[in-house]
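Take a look at the structure set out below.
The values are calculated or read from the model by the stated rules, or taken from the named source; none is laboratory data. Note that the coordinates shown come from a computational prediction; the quantities given were computed from them, not determined experimentally. Reconstructed Cβ throughout: ideal geometry from the backbone, glycine too, with neighbour counts over all protein chains shown. The area values use the complete protein model at the heavy-atom level, side chains included, leaving out ligands, DNA and RNA. Shrake-Rupley method; radii C 1.70, N 1.55, O 1.52, S 1.80 Å.
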Amino acid sequence: MIRTAIVGYGLAGRLFHAYLVSRTEGLDLVAVASRDPVRRAQAQRDWSVDTWETLADLLADDRIELIILATPHDSHAALAIEAMEAGRNVVVDKVMCMNAAEAEDMIAVSRRRGVMLSVFHNRRWDWGYLTVRKAMEDGLLGDPFLVERAVHRFRASRGWRTSRAKSGGLLFDWGAHLIDQGLQLLTARPAAVHCKGHKYRWEGDIEDHVTCTLYFESGAEYRMEISNLSRISKPHWYVLGTRGSLVKTGLDPQEDWMKKGEIESAVEAPEDRVRVAAERDDEVLHMVLDPVKGSWVDYYRNIAAVLDRGEELAVKPGEMLDLMKVLDAATESRETGRVVSLN
């Protein structure tokens with residue numbers, strides 16, 4: 001069993017990481033660190049673990065092999081480096097860090113110390129993403145040239161996520177997932193990015209609504225829209241290809257079932273399934289696709305397999321560096337209004 005500790009016991013640490021680790025054979029959650037005594041007490045009640053105030057306190061226990069960082073984004077680089085310098089393997093909650101320079105520093109320490117570094121991108125195992133990827137790989141749409149993504153809600157961000165200095169803004173939250181999925185789906189090199197933010201309503205200095213388009217050397221466009229101001233949502237996926245179109249509404253069902261403690265029982269609403277209209281033999285066929293069912297637990301199953309058996313890491317540091325370079329360019333574009341080259 002790989003002795004595992006979580007730093008931070010807010011929503012991410014409690015609901016996502018602790019729960020998914022508890023479902024992963026080969027990982028043993030033994031400790032939680034939090035500066036908040038109420039959260040330390042809750043972690044002890046929830047999992048009967050040792051609790052510490054800081055990462056430095058936790059590192060005094062040399063039996064711990066894997067440290068998961070579920071803390072504000074601006075702390076990721078420093079905490080990851082501290083843990084890796086102490087010889088620990090590290091998983092960082094997305095987003096990896098605040099910029100590509102920090103990512104390069106983290107990767108350099110990982111290599112020098114010979115420890116694993118990965119970033120928690122559970123949404124590579126979203127049903128919608130996997131189903132859309134299969135539809136594209138099966139050629140149902142021909143050559144996809146436009147992918148539109150939308151995550152819409154009407155509410156303020158909360159806590160430290162309202163601070164640009166701590167969080168980076170909406171693109172560093174849901175946007176990190178969407179960019180990662182886009183880079184996985186559209187395998188051509190990204191060429192440029194154009195972003196715009198809007199600030200109208202909620203407290204804090206992050207944007208309330210952001211749009212971002214990633215242009216690929218193949219000519220494909222990947223458009224993202226993340227909003228805290230939407231009372232009516234757009235489809236979560238909309239894809240146009242040379243021989244077909246695809247649409248999907250609704251977010252992945254796993255989070256709602258995870259909150260019930262029953263992620264394995266997740267069910268997708270029939271109306272949210274992927275719908276395709278595609279040309280075949282001079283006909284237009286309309287299809288509703290069965291979901292390709294991933295499991296967020298698979299992220300941690302992969303971590304356990306890497307540490308226990310030396311298997312290939314699913315979410316690699318180099319991929320995360322590429323993502324951070326896109327976020328750097330997106331931030332520059334949002335601030336300047338220009339299209340920013342990625343070459």
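Would you confirm whether any residue within segment 258-267 is closer than 22 Å to V147 by Cβ and in contact (Cβ under 8 Å) with a residue 12 or more places away in the chain? No, because not a single residue in segment 258-267 is closer than 22 Å to V147 by Cβ and in contact (Cβ under 8 Å) with a residue 12 or more places away in the chain.
Note on segment 217-252: residues that are of a type outside the set (S, T, Y) and touching a Phe, Trp or Tyr at 6+ places or on another chain (Cβ under 7 Å) total 13.
Can we say T242 is surrounded by 18 or more Cβ atoms within 10 Å (Cβ to Cβ) and of a type in the set (S, T, Y)? For T242, the condition - surrounded by 18 or more Cβ atoms within 10 Å (Cβ to Cβ) and of a type in the set (S, T, Y) - is not met.
For segment 187-199, the criterion of being within 18 Å of V239 (Cβ to Cβ) and at pLDDT below 95 is satisfied by at least one residue. Pairs meeting the criteria (first residue in segment 311-332 and under 24 Å from T213 (Cβ atoms), second residue in a helix (DSSP H, G or I) and of a type in the set (A, V, I, L, M, F, W, C), beta carbons under 6 Å, at least 6 apart or on different chains) are L321/A103; L323/I179; M324/A100; M324/A103; K325/A100; V326/I179; D328/A100; A330/L171.
For (1) outside any strand (DSSP E or B); (2) open to solvent by less than 30 Å² (accessible area, probe 1.4 Å); (3) aromatic (F, W, Y), each residue gets a yes or a no:
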position	(1), (2), (3)
L141	yes, yes, no
W160	yes, no, yes
A191	no, yes, no
W202	yes, no, yes
G219	yes, no, no
I226	no, yes, no
S233	yes, no, no
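The residues of segment 320-343 that are part of a helix (DSSP H, G or I), open to solvent by less than 60 Å² (accessible area, probe 1.4 Å) and over 16 Å from F216 (Cβ atoms), listed by number, are M320, L321, M324, L327, D328, T331, R334.
Of all residues in segment 133-153, those that are within 27 Å of A305 (Cα to Cα) and hydrophobic (A, V, I, L, M, F, W, C) total 0. Would you check if there is a residue in segment 274-289 being free of Cβ contacts under 8 Å to residues at least 24 places away in the same chain, under 15 Å from W125 (Cα atoms) and out of contact with any helix residue (DSSP H, G or I) (no Cβ under 7 Å at 6 or more places or on another chain)? No, the conditions are met nowhere in segment 274-289. When the residues of segment 93-109 are filtered to those that are in contact with a strand residue (DSSP E or B) (Cβ under 6 Å, 6 or more places away or on another chain) and part of a loop (DSSP other than H, G, I, E, B), the one that is surrounded by the most Cβ atoms within 10 Å (Cβ to Cβ) is M96.
Per-residue answers, yes or no, for (1) open to solvent by 10 Å² or more (accessible area, probe 1.4 Å); (2) at pLDDT 95 or above; (3) of a type outside the set (S, T, N, Q); (4) in a helix (DSSP H, G or I):
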| position | (1), (2), (3), (4) |
| --- | --- |
| L79 | yes, yes, yes, yes |
| V91 | no, yes, yes, no |
| V132 | no, yes, yes, yes |
| V151 | no, yes, yes, no |
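The set of residues in segment 290-307 being within 16 Å of T249 (Cα to Cα) and either among the hydroxyl-bearing types (S, T, Y) or open to solvent by less than 30 Å² (accessible area, probe 1.4 Å) (or both) consists of P291 alone. One residue alone among G8, G26 is on the phi > 0 side of the Ramachandran plot and under 19 Å from the mean Cα position of the chain (by Cα), and that residue is G8.
Taken over segment 56-77, the criterion of being part of a loop (DSSP other than H, G, I, E, B) and in contact with a Lys or Arg (Cβ under 7 Å, 6 or more places away or on another chain) is satisfied by R63, I64, E65, P72. Number of residues in segment 20-64 that are of a type in the set (G, A, S) and open to solvent by 30 Å² or more (accessible area, probe 1.4 Å) equals 5. Once segment 204-214 is narrowed to residues that are touching a residue at least 40 places away in the same chain (Cβ under 8 Å) and in a strand (DSSP E or B), the residue that is surrounded by the most Cβ atoms within 10 Å (Cβ to Cβ) is C212.
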